[in-house]
1. In deg cm²/dmol and to the nearest 500, what is the mean residue ellipticity at 222 nm of the chain if only DSSP H runs of at least 4 residues count, each as -39500 (n - 2.57), divided by the residue total?
2. Spelling out what I want: for every residue of the stretch 129-143, take phi, set θ = phi - 60°, compute 6.51 cos²θ - 1.76 cosθ + 1.60 (Karplus), and round to whole Hz; glycine and proline get x.
3. Cα axis of helix 110-122 to longest principal axis of the chain: angle in degrees, 0 to 90, nearest 10?
4. What does the accessible area of Arg189 come to, in Å² to the nearest 10, when a probe of 1.4 Å is used?
5. For Asp48 and Glu77, FRET efficiency with R0 = 30 Å and r from the beta-carbon atoms, rounded to 0.05?
6. Here are several values of mean projected area of the Cα convex hull in nm²: (1) 17.5; (2) 11.0; (3) 12.5. Which one was derived from the coordinates shown?
7. Helix 148-162 against the longest principal axis of the chain: what's the angle in degrees, Cα atoms only, rounded to the nearest 10?
8. Could you sort Ile56, Ile83 by accessible area so the largest value comes first, with the probe set to 1.4 Å?
Amino acid sequence: KSGYLYSEGMVFSPDGHCRPFDADAKGMRCGRGAGVVVLKRLEDAVRDGDSIHAVILGASVNNDGAAKMGYSAPSVEGQAEVISAALQMAGVDPRTVHYVETHGTGTEVGDPIEIAALERAFRATTDEKQFCALGAVKSNIGHLDAAAGVAGLIKTVLVLRKKKIPATLNFKKPNPKIDFASSPFYVNRELSEWPAGSSPRRAGLSSFGIG
């Protein structure tokens, strides 16, 4: 059994609810869990006749070091660089990415920084607005710590397989520090179909730790 004492301005929610990108977002809650995925080179999976649930085109890892405001605080620069690097490795135009599973902790500092970083990476090639849905599994199951990234990956694969984008729970009114109206993004409020377009269905995943 475990718990926490709420402290204003820190990362934990005052009421145990995680509200990513919402005006009332005050923090996250902890969850418990683990996840396992099988990764295999595409040509090998095709050769072996495996069931292929999704294809990962690119990924990137970095550390924002001295760019951070503090030890546990993220930086726009570091996040934008790692997102841009993943897009470049994938050889994907951001305009063809219509869903991003975000880190989405629902913290007052982290959420605006994450959207600013995503916008900087996407704005390198497009001025289009509100074409990409955002989701955050932490609103469902809390922050799984070391397993948070794999939980987001599993959700993203399911979104692609089901061709439906689920609601981001507890989202009612946008955080006033985030200008969604002029950004490429919107927070998905309810389960919605993901229709086929001129390009394959493509999704991104952000997963951040300290640094």
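The values are calculated or read from the model by the stated rules, or taken from the named source; none is laboratory data. Just so it is clear, the structure is predicted and the values come from calculations on it, not from any experiment. Methodologically, a virtual Cβ is constructed for each residue, glycine included, from the backbone with ideal geometry; neighbour enumeration extends over all protein chains shown. With ligands, DNA and RNA removed, areas are computed over all heavy atoms of the protein, side chains included. Shrake-Rupley method; radii C 1.70, N 1.55, O 1.52, S 1.80 Å.
1. So the calculated ellipticity at 222 nm is -7500 deg cm²/dmol.
2. Going residue by residue, I get 10, 6, 10, 10, 7, 10, x, 7, 5, 4, 5, 8, 10, x, 8 Hz, with x marking Gly and Pro.
3. Result, in degrees: 30.
4. 130 Å²
5. Details: r = 42 Å, r/R0 = 1.39.
Computed FRET efficiency for Glu77 and Asp48 comes out at 0.10.
6. (3)
7. It works out to around 50 degrees.
8. On the way: Ile56 105, Ile83 25 Å².
From most accessible down to least: Ile56, Ile83.
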